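Input: a single structure, listed below in structure tokens.
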Amino acid sequence: MKVVAIVGSLRKDSFNMQLVKTVEKRYSHLFEVEIADIGSLPFFNEDEEKAPSAVVQNYKKMIAEADAVLISTPEFNWSISGVLKSALEWLSRVDKVIAGKPVLPMGVSQGALGTVRAQLHLRQVLSSIQANTMPPAGNEIFIGSAGQKFKDGELTDEATLKFLDLVVDKFVAFVNEQEIK
Ligand SMILES: Cc1cc2nc3c(=O)[nH]c(=O)nc-3n(C[C@H](O)[C@H](O)[C@H](O)COP(=O)(O)O)c2cc1C
């Protein structure tokens, strides 16, 4: 199974990137993770959507060929980051490569709420672009107080890792179910 990960923060030491790297390593027996470099994408521009640059074409192809997509979002001003929103806009138009694609949202912040508000917006956007988002009940990965839960570039908090194991198992089953349908 091939999963493309989109990280909504471009920061070098991003906790969201650290979460994705943790997922990549911890579940390598379940799926392969490829991280999309959304920092290299131009801002979405409708004038270019029918003949976008090579970097956009490659990004869209990567998503089109993935079995599933994982999105790890920071919370910026009670929402998702502009860079993530623009990256999703490219996927939402012309060939709409994210439509029907299984998506697992997750997010990390340094505050207590762990991206609750950002993920509500993210789910709204994913709904608009017809992604097949993992149902929220029991599957919401909100990681707050990041400074205490990550060490040496990895998520190390045992309780959070245990919860992640449960959700990832359910997500793999969800993806396989969609492929049978
Ligand atoms: C522009 C900006 C706005 C932010 N707004 C929020 C916010 O609304 N809620 C929150 O919990 N944290 C907010 N933060 C803090 C981020 O959650 C924190 O910087 C987090 O570590 C970002 O994710 P990253 O580690 O992946 O870069 C904001 C940070 C920035 C730079």
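Computed values, structure above
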quantity	calculated
Within region 53-69, considering residues that are outside any helix (DSSP H, G or I) and touching a Phe, Trp or Tyr at 6+ places or on another chain (Cβ under 8 Å), the one most open to solvent (accessible area, probe 1.4 Å)	ASP67
Residue that is most open to solvent (accessible area, probe 1.4 Å) [pool: residues in region 1-27 that are in a loop (DSSP other than H, G, I, E, B) and closer than 23 Å to ALA64 by Cβ]	MET1
Residue check, PHE43 within 16 Å of the ligand (Cβ to nearest atom) and open to solvent by 10 Å² or more (accessible area, probe 1.4 Å)	no
Single match in ALA64, ALA54 (criterion: at pLDDT 95 or above, over 24 Å from SER128 (Cβ atoms) and away from the ligand (no atom under 13 Å from the Cβ))	ALA54
Filtered residue count, region 28-40, keeping only those that are within 16 Å of the ligand (Cβ to nearest atom) and either open to solvent by 60 Å² or more (accessible area, probe 1.4 Å) or not β-branched (Val, Ile, Thr) (or both)	3
Total residues in region 100-119, condition open to solvent by less than 10 Å² (accessible area, probe 1.4 Å) and over 16 Å from GLU65 (Cα atoms)	9
Conditions (1) on the phi < 0 side of the Ramachandran plot; (2) within 16 Å of the ligand (Cβ to nearest atom); (3) open to solvent by less than 60 Å² (accessible area, probe 1.4 Å): number failed by PRO136	(2)
Selection from region 70-99 of residues that are open to solvent by 50 Å² or more (accessible area, probe 1.4 Å) and more than 11 Å from the ligand (Cβ to nearest atom)	LYS85, GLU89, ARG93, VAL94, ASP95, LYS96
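The values are calculated or read from the model by the stated rules, or taken from the named source; none is laboratory data. Worth saying up front: this structure is predicted, and the values here are computed from it rather than measured. Glycine gets a Cβ as well: all are built from the backbone with ideal geometry, and neighbour counts include every protein chain shown. These area figures cover heavy atoms from the full protein model, side chains too; ligands, DNA and RNA do not enter into them. Shrake-Rupley method; radii C 1.70, N 1.55, O 1.52, S 1.80 Å.
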